[in-house]
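The values are calculated or read from the model by the stated rules, or taken from the named source; none is laboratory data. Keep in mind the model is a prediction, meaning the values are calculated, not measured. Cβ placement follows ideal geometry from the backbone for every residue including glycine, while neighbour counts extend to all protein chains displayed.
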Amino acid sequence: MEITDLRPDDWDAIHQAAALLVAAFREHWPTAWPDMKSALQEVRESFGEGRVSRIAVEDGVVLGWVGGIPGYGGNVWEVHPLVVHPHHQGRGIGRALLADLEALAAERGALTLWVGTDDEDGMTSLAGVDLYDDLLGHLARIRNLRGHPYEFYQKVGFAIAGVVPDANGPGKPDILMAKRVHRRDAHAQAGRSEAAGADAARPPEVDPGPRLG
């Protein structure tokens, strides 16, 4: 499997990515991309200035797609969309796409990734209730009732950052999740600094001379 750019001139890959949206979201989020027309429009929008659009491909088949949208002056990137072919879920494709997006966002100076995970189909304990009665309490007691993807995002490092009540209609909230972006350059610099400090504290090594064998 290879993760690469989704190019605006690759019509076959564009069509496959759009078809993924329709197929993968049909069961629990049927109004998101109900047809190929709306899905193709989403793909075209992913080529906007400053955005990232990446696909996971195997033998010419698009298995997954992730998009990234910069905001807050580039400090925060939205994951939109993330989709994996229903027949290939559970293979780590979504995790790999998110890691790829995080690395690209980090190169551009991002500090945070965020994603909205709607509950339009009663998949969590936040659906079908008046969240305003005890907003933070409901959020703290969230339960996954029917395989909502928020637990997938938790497994890859995201935390629940909030909820927008009734975002998709009464009793249909949007669960907001965020993740700190790991900056490779910062980690590398920290590693070099630690190594330099250790070298300074270590007594000079004596060259043992040539070794035989």
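Points to keep in mind about this one:
- Residue in segment 72-87 that is surrounded by fewer than 18 Cβ atoms within 10 Å (Cβ to Cβ) and at pLDDT below 95 present: yes
- The conditions of being within 27 Å of Arg108 (Cα to Cα) and not polar (S, T, N, Q) are not met by Asp59.
- Any hit, segment 16-24, residues being modelled with pLDDT of 95 or more and in a loop (DSSP other than H, G, I, E, B): no
- Which listed residue is of a type outside the set (Val, Ile, Thr), more than 22 Å from Asp118 (Cα to Cα) and not in a helix (DSSP H, G or I), from Gly50, Gly73: Gly50
- Residues of segment 122-155 that are surrounded by 15 or more Cβ atoms within 10 Å (Cβ to Cβ) and over 21 Å from Gly169 (Cα atoms): Phe152, Tyr153.
- Elements of the type strands (runs of 3 or more DSSP E) sitting completely within segment 91-196 and holding at least 2 residues that are in contact with a His (Cβ under 8 Å, 6 or more places away or on another chain) and either at pLDDT 95 or above or on the phi > 0 side of the Ramachandran plot (or both): these cover 112-118.
- Pairing residues of segment 37-54 that are surrounded by 14 or more Cβ atoms within 10 Å (Cβ to Cβ) with residues that are in a helix (DSSP H, G or I) and of a type in the set (Val, Ile, Thr), at Cβ distances under 8 Å and at least 6 apart in sequence or on separate chains, gives Ala39/Val22; Leu40/Ile14; Val43/Ile14; Ser53/Val43.
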